[in-house]
Amino acid sequence: MAFDLLFTPEAEAALDLLRSDGHLEKKLRKVQRALGRLQQDPRYPGLSSHKYSSLSGVNGEEVWDSYVENNTPSAWRIYWHYGPGRNVITVFAITPHPKD
């Protein structure tokens with residue numbers, strides 16, 4: 001079962017930045033590949049999707065993150081939640097993983 005992806009303005013802005021900067025073309029391809037996998041199966045092993053217990057969405061949704069890349073400095077992540085409808089995933093951030 002494929003999901004429809006809904007993007008917040010913040011997530012759209014991140015995609016626009018990646019599209020507009022020629023130096024980020026490789027990163028854009030990685031993000032697009034990860035979004036395609038997320039759309040097909042949020043549990044795809046390479047995404048390493050995991051739920052945050054300390055965060056929740058605006059309406060109390062469970063927040064997840066999925067890997068765009070791993071084992072690289074400031075590896076990028078996709079932050080998302082299920083909904084607002086059935087078979088919908090809302091992507092609210094696409095960004096480098098925060099440093100600890």
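I'd like to check something: does the range 10-31 contain any residue that is part of a strand (DSSP E or B) and either buried (at least 17 other Cβ atoms within 10 Å of the Cβ) or not acidic (Asp, Glu) (or both)?
no
Taking the criterion of being of a type in the set (A, V, I, L, M, F, W, C) and over 19 Å from Met1 (Cβ atoms), the residues of the range 52-77 that qualify are Leu55, Val58, Val63, Val68, Ala75, Trp76. Output yes when any residue across the range 43-64 is out of contact with any helix residue (DSSP H, G or I) (no Cβ under 6 Å at 6 or more places or on another chain) and touching a residue at least 40 places away in the same chain (Cβ under 8 Å), and no when none is. Within the range 43-64 (the criterion being out of contact with any helix residue (DSSP H, G or I) (no Cβ under 6 Å at 6 or more places or on another chain) and touching a residue at least 40 places away in the same chain (Cβ under 8 Å)), the answer is no, since none of the residues qualifies.
Of all the residues that make up the range 1-55, how many are among the aliphatic types (A, V, I, L, M) and under 17 Å from Ser74 (Cβ atoms)?
Applying the first criterion (among the aliphatic types (A, V, I, L, M)) to the range 1-55 yields 1-2, 5-6, 11, 13-15, 17-18, 24, 28, 31, 34-35, 38, 47, 55.
Remaining after also requiring under 17 Å from Ser74 (Cβ atoms): 14, 17-18, 24, 28, 31, 34.
Number of matching residues: 7.
Gly85 falls short on exactly one of the conditions (1) assigned to a strand (DSSP E or B); (2) exposed (fewer than 14 other Cβ atoms within 10 Å of the Cβ), and that condition is (1). One residue is enough: does the range 68-75 have a residue meeting the conditions closer than 21 Å to Pro9 by Cβ, small (Gly, Ala, Ser) and surrounded by 11 or more Cβ atoms within 10 Å (Cβ to Cβ)? Looking for residues that are closer than 21 Å to Pro9 by Cβ, small (Gly, Ala, Ser) and surrounded by 11 or more Cβ atoms within 10 Å (Cβ to Cβ), one finds none in the range 68-75, hence no. Test Leu38 against the stated conditions and say whether it is farther than 15 Å from Thr95 by Cα and part of a strand (DSSP E or B). Judged against the criteria, Leu38 is not a match. Among the candidates Ser49, Ser74, Ser66, the residue that is touching a strand residue (DSSP E or B) at 6+ places or on another chain (Cβ under 6 Å) and within 11 Å of Val91 (Cβ to Cβ) is uniquely Ser66. Here Val91 meets each of (1) of a type in the set (A, V, I, L, M, F, W, C); (2) touching a residue at least 40 places away in the same chain (Cβ under 8 Å); (3) surrounded by fewer than 16 Cβ atoms within 10 Å (Cβ to Cβ) with one exception, condition (3).
A short reminder: the numbers here are calculations on the coordinates, not readings from a lab. Because the structure is a prediction, the values reported are computed rather than measured. So basically every Cβ, Gly included, is an ideal-geometry build from the backbone, and we count neighbours across all protein chains shown.
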